[in-house]
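One structure is given here, and the rest of the page talks about it.
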Amino acid sequence: MKKEITFSVIIPVYNRYKFLYRSLLSVINQKRKPDEIIVVDDGSNPSTFNIVMRIREKYAKKKQIPLLYVFQPNKGVSSARNVGILVSSGNFIALLDSDDE
């Protein structure tokens, strides 16, 4: 029996809300949709949370892509990626920086 291929996109972010909106849209608009998107906020100001919630309501729900938000106190990008990996459910993981499209 073949195992279903699933993948998670993990985006660590620290106060880069100006770039995060475009980064999230680029993932949501891919031809092959991810099975989940996980944004790990590494201690940012509230603007990051607001961007994630806006994208979740406006785009991710319509395309039925779970968009998870995880907050942690500032520990650095490696720690944020590891947290994203721990909470992910995909059997493949794509790491994306918050300023990439």
Discussion item. From the protein chains alone at 1.4 Å, what is the descending order of accessible area for L68, L25, L20, L95, largest first?
Written reply: L95, L68, L25, L20
Response to the item:
Rounded to the nearest Å, the spacing of the alpha-carbon centers of region 1-36 and region 59-101 is 7
Worksheet item: Where Rh denotes the Kirkwood radius from the mean inverse Cα pair distance, what is Rg over Rh for region 61-101?
Response: 0.97
Worksheet, complete the sentence: Taking Cα atoms, the helix 77-87 axis meets the longest principal axis of the chain at an angle in degrees (rounded to 10) of 40
Fill in: Assigned charges on the beta-carbon of Lys, Arg, Asp, Glu; the chain dipole about Cα centre (debye)
400
Discussion item. With only alpha-carbon atoms in the gyration tensor, what are the semi-axes of the equivalent ellipsoid for the chain, in Å, largest first?
Written reply: 21, 16, 11
Worksheet item: What ranking, highest mean first, results for peptides 7-17, 30-40 when packing means the other Cβ atoms within 10 Å averaged over each residue?
Response: 7-17, 30-40
Practice prompt. Please express the shape of region 23-70 as an equivalent ellipsoid: the semi-axes are the square roots of 5 times the eigenvalues of the C-alpha gyration tensor, given largest first in whole angstrom.
Written response: 19, 11, 9
Response to the item:
Given a Förster distance of 22 Å, the FRET efficiency implied by the Cβ-Cβ spacing of I5 and Q30, rounded to the nearest 0.05, works out to 0.90
Worksheet entry | Degrees between helix 46-55 axis and first principal axis of the chain (Cα, 0 to 90, nearest 10) | 30
Discussion item. In whole Hz and in residue order, list the ³J(HN,Hα) couplings for region 33-39 that follow from phi through the Karplus curve 6.51 cos²θ - 1.76 cosθ + 1.60, θ = phi - 60°; x for Gly and Pro.
Written reply: 6, x, 7, 6, 10, 10, 9
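The values are calculated or read from the model by the stated rules, or taken from the named source; none is laboratory data. Keep in mind the model is a prediction, meaning the values are calculated, not measured. So basically every Cβ, Gly included, is an ideal-geometry build from the backbone, and we count neighbours across all protein chains shown. Remember, those area values only see protein heavy atoms, side chains included, never the ligands or the DNA or RNA. Shrake-Rupley method; radii C 1.70, N 1.55, O 1.52, S 1.80 Å.
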